[in-house]
Amino acid sequence: PPARPLAGVRLLLTAGPTREPLDPVRFLGNRSSGRMGFALAEALTELGAHVVLVAGPVTLPAPRVAERVDVETALDMHGAVMERAADCDLFVATAAVADYRPMDPAENKIKKNADELTLRLVRNPDILAEVAALDSPPFTVGFAAETDHVEEYARDKLKRKKLDMIAANQVGGTHGGFERAENALTVIWRDGQRELPMMDKTQLARELAQLIVERYQEHHAA
Ligand code: C5P
């Protein structure tokens, strides 16, 4: 096979967590390190793709990619992606996007006066589903981090969000995933499935990138 099978392919990839502000000094966040996404962005770059990485707040060394756009909130990430989605061939959503954001972030620091504090949250846009629903969508790859029923939920997500491929992993407990150097993935597409066993995220990213290439090429040959 050619060494750079993704040469000329415009690829957009989201990675990392998002931060949803409560007030100027506090936010709702999650445990995503961004490591899997950054490793995948590099692996896809090595295969020749022109990778634009839309990254939430992470503490990782700068990856070798064509372009990096740093964002903080889910709405920022949504904006950065939708501006570019129509002009890309492949979209890979590895980001752990917050499902909800505080409805009305306080302008000033919230004071601890009351014994109870109620937060009102509103849904964030589903970036991946929106990209997949475009008139002529790019080839879309999603992730699913689940604590249980991994394959079942991932299959459902593949269908519901109209994705071309989904990479599912088990999180929590003794498994890999968030905050770990290793991970294992079940990769699912419409008429196939592959297990990538527990391994270092850099190696796992290379293997997943290969699978993406195979499916992407098949998709375009069809
Ligand atoms: O539905 P769920 O959040 O589990 O789906 C996970 C997949 O959807 C991941 O690929 C994630 O990057 C993407 N996603 C997104 N925007 C959201 C929520 C999830 O792009 N608001």
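In the set V92, V69, only one residue is of a type outside the set (S, T, Y) and touching a residue at least 40 places away in the same chain (Cβ under 8 Å); that residue is V92. The residues on offer are L44, L22, and the sole one that is in contact (Cβ under 8 Å) with a residue 24 or more places away in the chain and outside any helix (DSSP H, G or I) is L22.
Out of the residues in the stretch 96-105 that are open to solvent by 50 Å² or more (accessible area, probe 1.4 Å) and of a type outside the set (A, V, I, L, M), state the one that is farthest from the ligand (Cβ to nearest atom).
Initially, the stretch 96-105 is screened for residues open to solvent by 50 Å² or more (accessible area, probe 1.4 Å), giving 99-101, 103-105.
The next check asks that each one be of a type outside the set (A, V, I, L, M); those that pass are 99-101, 104-105.
Details: D99: 6, Y100: 9, R101: 10, D104: 19, P105: 18 Å.
Once the filter is applied, the top-ranked residue is D104.
Does the stretch 56-78 hold any residues that are more than 12 Å from the ligand (Cβ to nearest atom) and small (G, A, S), and which are they? Result: A62, A66. Tallying residues that are among the β-branched types (V, I, T) and within 30 Å of L40 (Cα to Cα) within the stretch 105-150 yields 6. Filtered by the rule that a residue be buried (at least 18 other Cβ atoms within 10 Å of the Cβ), out of contact with any helix residue (DSSP H, G or I) (no Cβ under 6 Å at 6 or more places or on another chain) and under 24 Å from A86 (Cβ atoms), the stretch 147-162 gives K157, L158. Look at A66 and say whether it is touching a helix residue (DSSP H, G or I) at 6+ places or on another chain (Cβ under 8 Å), surrounded by fewer than 21 Cβ atoms within 10 Å (Cβ to Cβ) and among the aliphatic types (A, V, I, L, M). Against the criterion (touching a helix residue (DSSP H, G or I) at 6+ places or on another chain (Cβ under 8 Å), surrounded by fewer than 21 Cβ atoms within 10 Å (Cβ to Cβ) and among the aliphatic types (A, V, I, L, M)), A66 qualifies.
For the stretch 135-162, a tally of residues being more than 18 Å from V97 (Cα to Cα) and outside any loop (DSSP other than H, G, I, E, B) returns 7. Within the stretch 19-46, the set of residues being touching a helix residue (DSSP H, G or I) at 6+ places or on another chain (Cβ under 6 Å) and over 18 Å from M77 (Cβ atoms) comprises A39, A43, L44.
Against the definition (out of contact with any Gly (no Cβ under 6 Å at 6 or more places or on another chain), over 17 Å from L44 (Cα atoms), touching a residue at least 12 places away in the same chain (Cβ under 8 Å) and surrounded by 19 or more Cβ atoms within 10 Å (Cβ to Cβ)), how does I188 come out, yes or no? When the stated conditions are applied, I188 passes them. Scanning the stretch 150-165 for residues being away from the ligand (no atom under 12 Å from the Cβ) and of a type outside the set (D, E, K, R) gives a total of 0.
The set of residues in the stretch 106-146 being within 12 Å of the ligand (Cβ to nearest atom) and open to solvent by 100 Å² or more (accessible area, probe 1.4 Å) consists of R123 alone. The residue of the stretch 197-217 that is surrounded by the fewest Cβ atoms within 10 Å (Cβ to Cβ), among those that are at pLDDT below 95 and of a type in the set (D, E, K, R), is D200. Selection of the stretch 79-95 for residues being within 9 Å of the ligand (Cβ to nearest atom) and either in a loop (DSSP other than H, G, I, E, B) or more than 11 Å from V52 (Cβ to Cβ) (or both) yields A93, T94, A95. Of all the residues in the stretch 18-50, those that are within 13 Å of the ligand (Cβ to nearest atom) and open to solvent by less than 10 Å² (accessible area, probe 1.4 Å) number 5.
The values are calculated or read from the model by the stated rules, or taken from the named source; none is laboratory data. None of the values given here were measured: they were computed from a predicted structure. Please note: Cβ atoms are built from the backbone with ideal geometry, for glycine as well, and neighbour counts cover all protein chains shown. Side chains are part of the model used for accessible areas, which takes the heavy atoms of the whole protein and leaves out ligands, DNA and RNA. Shrake-Rupley method; radii C 1.70, N 1.55, O 1.52, S 1.80 Å.
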